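Reviewing the structure listed below.
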């Protein structure tokens, strides 16, 4: 075993240098049995590490951490889900200050993740937060329905911020769009940029005559040759547009990684980066100000009332 590589803390945004270090350390662990030491983790690290370690069956012996990090990972079920180790710590604040690591292994699990994060937001932003939770629920559903692969979601409240991440090791945006017949998708960044546009969804390219058949159904009532789909996504499937819109309106931070493409969106603007390493699948990391969400909900409520009065009064 070679010397451990330490992952330095990310205090603010995910940046290219820090992300490259993370990917380097993961592939070093996979290819050369290099150890990884965790001195700090956030939802981005947790979801990405869980997906990579579980997919590639990395042994626990390769991963070390500071005591406080180990305690945190135990509490959020990281060890239980990744290495089937029983949890030692109690989970006192699920749905209040955090959503533990949840494996997106079925539509039921995506609903649990969505409900848990929704509870966090409603506790802090009020019942009107449903418009925000719908956006997050759609994101989680899309990762499951499009990736159909090993994926995780986790969320954490820190001060006045909520941070959440969704990561999978699946097809990635580019393959999904290429398979759906979307034209002019030549790179991973092309795929990310296409996916965040309003109204863009690979679901629109499915056979309109396809009949829904649940994935756990043991009987097919349709005639031979009838196209089938097992998409149990409960949301509209409008891609990432609404999440990007939410981030921009609330001055949040969003990082989208797929393949070797990284798109970053924050109050300062938008940037596209081509990484030297590739991530097989998708990682989405979002940081939102709870106060800015409240302010946006208040403004939206006032705008809705004005629109209704205008329509009634003419």
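The values are calculated or read from the model by the stated rules, or taken from the named source; none is laboratory data. For clarity, every value in this text was computed on a predicted model and none was experimentally measured. Note: ideal-geometry Cβ built from the backbone for every residue, glycine included; neighbour counts use all protein chains shown.
Tabulated data
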item: Selection count, the stretch 41-73, where residues are in a loop (DSSP other than H, G, I, E, B) and either farther than 20 Å from residue 166 by Cα or in contact with a helix residue (DSSP H, G or I) (Cβ under 7 Å, 6 or more places away or on another chain) (or both); result: 4
item: Total residues in the stretch 94-122, condition touching a helix residue (DSSP H, G or I) at 6+ places or on another chain (Cβ under 9 Å) and loosely packed, with under 15 Cβ neighbours inside 10 Å; result: 4
item: Residue count, the stretch 104-141 (criterion: in contact (Cβ under 8 Å) with a residue 60 or more places away in the chain, over 25 Å from residue 295 (Cα atoms), in contact with a strand residue (DSSP E or B) (Cβ under 9 Å, 6 or more places away or on another chain) and part of a helix (DSSP H, G or I)); result: 0
item: Odd one out for residue 156 among (1) touching a helix residue (DSSP H, G or I) at 6+ places or on another chain (Cβ under 7 Å); (2) surrounded by fewer than 22 Cβ atoms within 10 Å (Cβ to Cβ); (3) free of Cβ contacts under 8 Å to residues at least 60 places away in the same chain; result: (3)
item: Selected residue (only one of 101, 26, 30 is within 30 Å of residue 273 (Cα to Cα), at pLDDT below 95 and either within 21 Å of the chain's Cα centre (by Cα) or not in a helix (DSSP H, G or I) (or both)); result: 26
item: Sole exception among (1) under 13 Å from the mean Cα position of the chain (by Cα); (2) part of a strand (DSSP E or B); (3) surrounded by 22 or more Cβ atoms within 10 Å (Cβ to Cβ) for residue 162, by number; result: (1)
item: Residue in the stretch 201-219 that is modelled with pLDDT of 85 or more, surrounded by 13 or more Cβ atoms within 10 Å (Cβ to Cβ) and not in a strand (DSSP E or B) present; result: no
item: Evaluation of residue 157 against (1) over 17 Å from the mean Cα position of the chain (by Cα); (2) assigned to a strand (DSSP E or B) (one fails), failing number; result: (1)
item: Test: residue in the stretch 151-162 that is at pLDDT 85 or above and over 30 Å from residue 69 (Cβ atoms); result: no
item: Residues located in the stretch 254-287, provided they are in contact with a helix residue (DSSP H, G or I) (Cβ under 7 Å, 6 or more places away or on another chain) and farther than 24 Å from residue 145 by Cα; result: 265, 272, 273, 274, 275, 276, 277
item: Selection status of residue 41, farther than 30 Å from residue 250 by Cβ and buried (at least 20 other Cβ atoms within 10 Å of the Cβ); result: no
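The rows are residues; the columns are (1) in contact (Cβ under 8 Å) with a residue 12 or more places away in the chain; (2) closer than 26 Å to residue 256 by Cα.
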{"position": "23", "(1), (2)": "yes, yes"}
{"position": "36", "(1), (2)": "yes, yes"}
{"position": "42", "(1), (2)": "yes, yes"}
{"position": "54", "(1), (2)": "yes, yes"}
{"position": "60", "(1), (2)": "yes, no"}
{"position": "67", "(1), (2)": "no, no"}
{"position": "71", "(1), (2)": "yes, no"}
